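Only the coordinates and a few stated rules stand behind these numbers; no lab work does. Predicted, not measured: the structure shown is a model, and the values here were computed from it. Virtual Cβ from ideal backbone geometry, glycine too; neighbours counted across all protein chains shown.
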Amino acid sequence: MLNLWMRTSALISLLVVVVMLGFLLQQSWPYWQHDGLNPLLSGDWYPYEHLFGLAAAIIGSFWAALIALAIAIPTGLAAAVMSTEILPGPWRSLMRSGMELLAGIPSVVYGLLGLWILLPLLQSNLHLLTGHNLLAAGLLLSVMVLPTIMVMTQDALCEVSSHQRDTAASLGMGWSARLWRVLLPQAWPGIRSGILLALGRALGETMAVMLVVGSMDRIPDPWYNLLAPAQTLTSRIGREIGESAFGSMHFSALMACGLLLALITITISMLAHIRSDKISVNRP
Amino acid sequence: MQRISYFILAAVFLGAQAHDAAAVTLHAAGSTTVLPVVSTAAAAYHRQHPDVTITVSGGGSGVGIASMIQHTADIGMASREIDAEEAAKLNGKVDVLTIAKDAVAVVVSKAVYVGGVHQLSLRQIADIYRGKIKNWETLGGPDAQILVIDKEASRGTRHVFAEAVLGDAHARAPGASVISGSNNEEQALVAHSDQAIGMLSNAWLNDDVRGIAVGEGNKAIFPDIGHVRDSSYPISRSLHILLSKKGPPEAREFANFLLSPQGQAIVKKSGYLPVR
Amino acid sequence: MNTKKKITAIAAAAPQQVAAHDAGDISLHASRLSLALEGKNILRDISFSLPAQGINVLIGPSGAGKSTLLRCLNMLHTQWQGDLQIMGRDVRKWPDSEDGLRRTIGLIAQKPTLFPCSIQQNIVFGLSRKDRNHMPENRIKKVLKQAALWDEVKNRLHDQAATLSVGQQQRLCIARALMLSPNMLLLDEPTASLDPRSRQFIEASLLELSENMPVLCVTHDIEQAKRLGGKIIFMCDGRLIESGDSKLFFKHPNRIESREFLRWSVCDCS
Amino acid sequence: MNERCAKTLTIMLALPALLLPAACLLYILFKGIPALDWAMLSGSSQDAAFGSISALWPQITGSLLLMLGACLLAAPVALGGTLFYALAANIRQRKALLGIMHLLVGIPPIVYGLCGLIVLVHMLHWGISLLTGMVILAVIILPMLLMNSVNAIKRIPSEKTAAARALGLSNGQLIRRVWLPAAWPALMTGLLLGMARALSETAPILFTATVFSGVSWPDSLFSPVTSLQTHLFYLAQEGANAEAVDIAWASAVILIILVTALSFGASALRNIRMNG
C-alpha cells in the first residue's frame, strides 16, 4: 500500500513532464511542419493571413526580461548586502519580511499597479503617445523579480562561513575589499542561481506584462527602441488563446509559443539547478 | 492521510452535486459588446427562473463562434457576421439570432474633439489606420501625433470597422500604434490619452471618449441610435447570439427572453438599438 | 588616493616611533578589559602586558574566554570595556581604523581558513591590489621559509590551496599573516587539530619568530605550554588568575586554581 | 572614508528595495480600503448587473475552492514523492526526481495553463471547469510542495531514524511515529506557501477554469467558477468606469490579505520549528 502510493506519486511527477512536453509538441507540430524554423526569423503575425512570425514576440520577451534584470540585479544585490552586512539583526528580518510581502503580491495586482501608476507616469514624463511599451513591462517585471534575487543573494551571503569573514577581517581587509574579494565571489553560485531563476520568472510572467506591453507585433525599430508598444510570448498567448479554435493553425502557433517558452525556461532553470546542486542525495 | 484526502474530495464533489439537483447551468461566451446585455439579462432571468443559472465570459466574437464549434459554451455571443471559414465548420448546426443593432463609433480623445476634429471621411480614417496621416494637424486638429488604437484581430468591433473602413474584415492596419482588447480597455486608453483615435461600440461613449461624425462635408453622420435605426451611419452592425440546434431547451428559452419586451428593454438600457 | 597613502605611511611609521620611545619595553598593555555578550560576562577585569618580543602562552581550560580575549585584541569584538594600548597607542584611536590595527597584528585562527584560490594568491590575499600584482618572488619565499613551508610548496605555488594537508594549510595561514609584516602575532590554538609533525614545525617557527616580535599563543595543552616556555598567562572563567615566567608557573603555581588545572587539566573558578 | 562611500553607495542602490514594498502596499491599501465595505462582501453577484458587480463572495469562494482543491490533489502526491525519495529511491532516482522538480519549477504557469487547455479541457472534455483549474494549480504547486517536504525530511537528524530502525520499526511506523511528529511544522509551512501560490496564480486559470460572472456556487466539479484573481484582471481593463476600478482595488486588498495571512501563518510555523 505504502509502496504503491510512493511509486505512483513519483510516477505522476514524471508523467506530468512527459505529458506536458509531449502534448505541446504534438499540438504545435502542424505549425513546425508548415514552415519549419523560418517563422522564428519573421516578425509578421497575422493569424487571418496565416502568417505566424515569432521574432517580434521573442525579441520583446527578452528585452523586457533584460530591462528587468538590469534594474533588479544591482538593487537586489545591494539590498541583500545591506541587510546581511550593514543592518543589525531586527532590521534584517524586517527587510526580509518586506521582500516576502513583495513576492507574495499576485502578479495581476502588479498589473493593476502598472496600469494605474506606471503607464500615466511614463506617458506624461517621457512625452509618449502611450505608456504601453517594453520599458513599462521591464520596470514592472523588475519589481516582481527583485525578491527572488534579493532573497537568494541573502541566503548565499549568509552561507559564507564566519571563519572566512573573520580571517578576511584579521588580514586587515576593509569592508569593501571583504565584500568584493571574499563575500561576493564565494556567494556567487547562489547569486547566479537567483539571477537565472529571476530571468526565468521574467520571461514567463504573463498577467502584468499583458496589461502594459501594448501587444503590438512589431520588432522594435531601431532595435533599441523600448518606448514603443511591443509584444511578448506570454502576452501573445494570454491575449489570443481564448479566441483560437482548438486544432486550427492559429492554436498550433500559440502552442508553439508555449513550447518555445517552456524550452527556454527549462534550459535556464536547469543551468541554475546543475551548478547549485548542493543538496546531498544521501538517505536521511 | 491519503484516504482522508480522497474522502474530503469525494465529499466536496458530492456536496457540490447535491447542491441543487434540478438546477441547470448555461454558459455564455464571446463578444464583449454583447456581454453587458447578456450579463444583465442573465441576472434578471435568474430572478424569474431560480433553477437556471447562466455564467457569462468574454473573449470576443471569435471566441463566441469558436466556442460553438468546440461545444465549450451553450450560448455564443457575436458582434459580427460569421465568415465563410467558420460557417463551414459550424455546418448549419447553429441558429443565429439577432438581438440588437449597434454602431461602431469612431472615437477620439476629448482634447482632439475640442481641438476641432468633429468629423472624418472614411478615406481619412483609412489613411490614419494605414499610417499615411500621422498628425492631427493635417485633419484640422491640434498639433499632436495620432495615437492609433487597433483591436485584437478576433474582436467583432474590429471586423465591422475594418470591413467598412479598410475594405476587408481582416485587413492589416500598419498605422496602428497600440492594440487593445475589450471595449473597456480601449475606452480607458482613449480616456487616458489626449491624442487617440479608436473604434468603440456607441454604448461606450462618454465625456472623455467622444464619437465623431463619419462622412464627407455636410453629409457626415454622427453615430447615434437614430442614424443606426435608419441605417444611414456607415459603420453599423447587428449583435447576435448563437444557439446550438441540439443545445439545451433552457438556452432557447433564454433567447426568447432576450427578444421579449423585457429583454429588449435591457438592450435599450445598455445603449443599443432594440430589434423588436 | 593621497589621503590613503598618507594614512598607510603613518601606520607604517607609528610602531617605529613607539618602539624608539618605549625602548623594547612593552608592546601591548591591557587594563581592566571586560566583555559581556548577550548578558553573559565573558571577560572580567583582565589586565596584563606583553613585552616587545618573546613568546607568551595564554593557557586555560576550554571556555575560559581565551579566544574571545584574542578577538578583542584585534577588534573583532568591539563592545569591550577597559583600556587597551598596542605599541603605546590606544586601539580605539588607531589612525587607520580597525583595518590598520589588524594589519599590525597577525591573528591566526584555530581552524586553518584559506580562500578558494591558489597558494600564492592566498599568501598575498591581504595586500592591496598593486602589491599583489608586483610581489617579488623572494618576499614570498622569505615568509614561506619563516613559516617552515617553503620546501613543501616551492614547486606548486599555483596549485589550489585546498590541495594542501591541514598542517600545511595552518602554516600557510601563518605565512599569509607574516606577509603583512605585522608587529605582533596572535595565535588561537594553532595546533589543536594537527598531527604531531606539523605541530613540531609550527612550534619551531613560532620560537624563531618570537625573537623579533611578541607572539601570543593560546593553548589548552599544558605540554605545549611547557615546550614553548616564555611567559605564561593563566585564565579561567573569564578571569586572569595568574601570570608569570613559565618555569616558575609550572614548578610553583601560586593559586589553587592553577594547581588544580595543572593536575586535572580542568578547574572550577566560579 | 572609502569604506563609508562604499556603504553609502550600497544603501542608495538598495533604497528601492526598502521603499517599494511599503509604497506598493500603502498605495493598494489607500485605494482599496475606502472601496471595501461590508456591503460589497455580502449578497450575490446575480443581483448586480455588469460593471457594478459589487458582491465579491462568489469570487472569494471560487478562489478558495480552487486553492483547496489544488492542495488536496497536490499534497498526497507530494508526500508520496517525498517518501519515495526518502525510502525507496536509489541515488540515480533521487537525482532524477529532484531534477524533474527543478524543471517543473522553472516552467512558467501559463504553459501549465496551455497544457491543461489541451489535455483537460479539449481532450478529456472537462470543459472550462473547477476541476480543470484545480488540477492545473495542483501541478503548479506540486514541485514546491515536494521540494519543501524533501528538505523537511532531510532535516530530521539521521540518529533519530537510526534509533527507530534499531527498535525494529517498519517503514509505516517510522513515518507515523518518528518522521511526521518531527517534520509536521515544516510540512505545513510548505503547504501554506503552496496555498498562497495557488491563490495568486491568474494566467493559467484565466482560460481554463473561470468565467466573468454568473456563478455563486459551482453546481459540480465540471462547472466553471469565478475567482478573485481573474475578476481583478477583468476589472483592471475597465479603466474608465470609476466604480469598477474601486472594486478592483478592493479585490486586490482582499487577495493580498488572504495571501499575506497564509504566508504569516507559514512564518509562525517556521518559528515553532526553530524553537521546538
Item to check | Cα gyration tensor, chain D - rounded (a/c under 1.5), prolate or oblate | outcome: oblate
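Let's see if you can work this out: charge +1 on each Lys and Arg Cβ, -1 on each Asp and Glu Cβ, no other charges. What is the dipole magnitude of chain D about its Cα centre, in debye to the nearest 20?
Details: 15 positive and 9 negative charges, 358 e Å.
Using only the charged Cβ atoms, the result is roughly 1720 debye.
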Checklist entry - How many nm separate the modelled label positions at A:Tyr224 and D:Ala163, each set 7 Å beyond the Cα in the direction of the Cβ? => result 6.6
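Local charge sum around B:His27 (other residues, Cβ-Cβ under 12 Å, Lys/Arg +1, Asp/Glu -1)? Intermediate values should be presented prior to the final figure.
Details: positive: none; negative: B:Asp74, B:Glu250, D:Asp219.
In short, -3.
Please find the FRET efficiency linking C:His77 to C:Glu137, where r is the Cβ-Cβ separation and R0 is fixed at 51 Å, and quote it to the nearest 0.05.
Details: r = 37 Å, r/R0 = 0.73.
Efficiency at R0 = 51 Å is approximately 0.85.
Sort C:252-259, A:99-106 by the packing proxy (mean of other Cβ within 10 Å over each peptide's residues), most packed first. Kindly include the intermediate steps, with their values, before the conclusion.
Numbers: C:252-259: 15.6, A:99-106: 21.8.
The most tightly packed comes first, giving A:99-106, C:252-259.
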Item to check | Karplus 3J(HN,Hα) series, Hz, for the stretch B:172-180 with 6.51 cos²θ - 1.76 cosθ + 1.60 (x for Gly, Pro) | outcome: 6, 10, x, x, 5, 10, 7, 10, 10
Checklist entry - How large is the charge dipole for the stretch A:59-282, taken about the Cα centre, if only the Cβ atoms of Lys, Arg (+1) and Asp, Glu (-1) carry charge, to the nearest 20 debye? => result 380
Checklist entry - Counting partner chain Cβ atoms within 10 Å of every residue's Cβ in B:154-161, what's the average? => result 1
Item to check | Amide proton proximity set for B:Ile221, modelled H, under 5 Å, gap of 5+ | outcome: B:Val214, B:Gly215
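With a Förster radius of 51 Å, plug the Cβ-Cβ distance of C:Asp45 and C:Lys130 into 1/(1 + (r/R0)^6) and report the FRET value to the nearest 0.05.
Numbers: r = 44 Å, r/R0 = 0.86.
Between C:Asp45 and C:Lys130 the formula returns 0.70.
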Item to check | B:Ala265 paired with D:Phe30, simple spin-label distance in nm, labels 7 Å along Cα-to-beta-carbon | outcome: 4.4
Item to check | Exercise: per-residue mean of other protein chain Cβ atoms within 10 Å, C:107-115 | outcome: 4
Checklist outcome for this item: Relative to chain A, whose Cα atoms define the longest principal axis, helix A:2-35 and its Cα axis are tilted in degrees, nearest 10, by 50
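Classify the stretch A:1-119 from the C-alpha gyration tensor, please: rounded if a/c falls under 1.5, else prolate or oblate depending on whether a/b exceeds b/c.
Values: a/c = 2.76, a/b = 1.31, b/c = 2.10.
Oblate shape, in that a/c is at least 1.5 and b/c is the bigger or equal ratio.
How do C:Arg263, B:Arg252, C:Arg176 rank when sorted from fewest to most other Cβ atoms within 10 Å of their own Cβ? Mind dumping the intermediate values first?
Working: C:Arg263 11, B:Arg252 17, C:Arg176 27.
Exposure proxy ranking, most exposed first: C:Arg263, B:Arg252, C:Arg176.
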Item to check | Overall form of the stretch C:3-264 per C-alpha gyration tensor (a/c, 1.5; a/b vs b/c) | outcome: oblate
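Could you tell me the calculated FRET efficiency between B:His49 and B:Asn135, based on Cβ-Cβ distance and R0 = 45 angstrom, to the nearest 0.05?
Working: r = 55 Å, r/R0 = 1.23.
After rounding to 0.05, the efficiency reads 0.25.
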Item to check | Nitroxide proxy distance, nm - points 7 Å out along Cα→Cβ at D:Leu64 and A:Phe62 | outcome: 4.7
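Hey, can you list the DSSP H helices of chain C whose Cα span along the axis is 15 Å or longer and whose average Kyte-Doolittle score is at least 1.0? Provide the component values of the computation, followed by the final result.
Numbers: long enough: C:2-22 (30 Å, -0.29); C:166-178 (18 Å, 0.19); C:196-209 (20 Å, -0.16).
Membrane-span-like by this rule: not one helix.
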Next on the checklist: Positive end of the dipole of the stretch B:208-254, charges at C-beta (+1 Lys, Arg; -1 Asp, Glu), about the Cα centre: which of B:Ser244, B:Pro223, B:Ala213 has its Cα farthest in that direction?
Outcome noted: B:Ser244
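What number comes out for the charge environment of C:Gln121, summing +1 per Lys or Arg and -1 per Asp or Glu over other residues with Cβ under 14 Å away? Don't skip to the end; give the middle numbers.
Values: positive: A:Arg181, C:Arg129, C:Arg132, C:Arg156, C:Arg176; negative: C:Asp131, C:Asp159.
Net charge in that neighbourhood comes out at +3.
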Checklist entry - Based solely on its DSSP helices, what 222 nm [θ] is calculated for chain A when runs of n ≥ 4 H residues each add -39,500 (n - 2.57) and the sum is averaged over all residues, nearest 500 deg cm²/dmol? => result -22500 deg cm²/dmol
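Could you work out, residue by residue across A:262-273, how many beta carbons of other chains sit within 10 Å of that residue's beta carbon, and then give the average as an integer?
Taking all residues of A:262-273 together, the mean is 4.
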Next on the checklist: Between A:Leu126 and A:Tyr46, what is 0.36 nm times their sequence separation minus the Cα-Cα distance? Round to one decimal in nm.
Outcome noted: 25.7 nm
Next on the checklist: Please compute the length gained on full extension between C:Leu248 and C:Thr163, using 0.36 nm multiplied by the number of residues separating them and subtracting their Cα-Cα distance.
Outcome noted: 26.3 nm
Item to check | 0 to 90° range, to nearest 10: angle between helix A:55-81 axis and chain A longest Cα axis | outcome: 10
Item to check | Hz values of 3J(HN,Hα) by residue in the stretch A:166-173 - Karplus curve (6.51, -1.76, 1.60), Gly and Pro given as x | outcome: 5, 4, 4, 5, 6, 7, x, 6
